[in-house]
Amino acid sequence: MPLKNIFLVLLLAMAMVACGKKATLPALSNNATVLAFGDSLTFGTGAPPESAYPAVLKSLINRNVVGSGVPGEVSADGLARLPAVLEEVQPKLLILCHGGNDFLRKQPEAAAATNVRAMVKLALDRNINVVLMATPKPGFGISVPDFYAAIATEFSIPIETEILREVLTDNSLKSDLVHPNAAGYKKIAERIAELLKK
C-alpha cells in the first residue's frame, strides 16, 4: 500500500476514534463577522445574489456574513487569495468551501488536499475559527474525498460533509449540473446555521 494511502487510513482511523468528541465552536458575538470563502458555490452561481448561501446565512444567524466566492477558482488560487481577504475582512469565523474546480479540471486530489489544509492553517494561525465544507467530486454517484474529514480531524474543526452532495444529487435543487439553484443554496445555508448552533 502506498505511503500516502497508509497515512490517509491512519487519519481516518483517528477520525473514527474521535467521532464521539465532535469539534465545537465558541459562540459568535453579536458583532462578529463571518467570512464565507470559496468558489462559485460560495459566489452563488445559478441564483440571484440575494439567494447565495452567505446572504441567506446572514439572515438566519443574524450576524455579518461576508461572501467571497470566485467562480472557476481552483484551490491553489484560493490559497493565494485568502491572506488578503482575511486581512481585509478580519473575520471571527471562516467557512471554507473549496476544491470543486480542482476536481472538475481533473487536477491531482493530493494538491487540492494540500491547498485546503494550508487555507485552514492560515486561518487558525490568525486565531480565526474554521468550519470546513466538503465538496464532492462530480460524476456518477458523486462522493466526497476523504481528505476533508482527515483535515477536520487533524485540526479539530467542525465539518459539513453531506449537504453539498445532497443538493447536487437532487435535480430540484440545481440550476445546472454543478450549481445549486436558490432552493439549493437555502438548504446549504440552513445546514450551516444548524451546525453553528451546535
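The values are calculated or read from the model by the stated rules, or taken from the named source; none is laboratory data. On a predicted model such as this, the values are computed, not experimentally measured, just so you know. So basically every Cβ, Gly included, is an ideal-geometry build from the backbone, and we count neighbours across all protein chains shown.
Before moving on, here are some points about what is shown:
- Among the numbered conditions (1) closer than 27 Å to Asn31 by Cα; (2) touching a strand residue (DSSP E or B) at 6+ places or on another chain (Cβ under 7 Å), the only one that Leu122 does not meet is (2).
- Counting only helices (runs of 4 or more DSSP H) that sit wholly inside the stretch 120-198, not one has at least 2 residues that are modelled with pLDDT of 95 or more, loosely packed, with under 15 Cβ neighbours inside 10 Å and at positive phi.
- Under the condition of being crowded, with 20+ Cβ neighbours inside 10 Å and either out of contact with any Asp or Glu (no Cβ under 6 Å at 6 or more places or on another chain) or under 30 Å from Asn31 (Cα atoms) (or both), the residues counted in the stretch 101-119 number 6.
- Restricting Pro71, Pro54, Pro48 to those that are out of contact with any Ser or Thr (no Cβ under 9 Å at 6 or more places or on another chain) and either in contact (Cβ under 8 Å) with a residue 12 or more places away in the chain or of a type in the set (Gly, Ala, Ser) (or both) reduces the list to Pro48.
- Residues that are at pLDDT 95 or above number at least 1 in the following helices (runs of 4 or more DSSP H) confined to the stretch 1-105: 40-43, 53-61, 75-89, 100-104.
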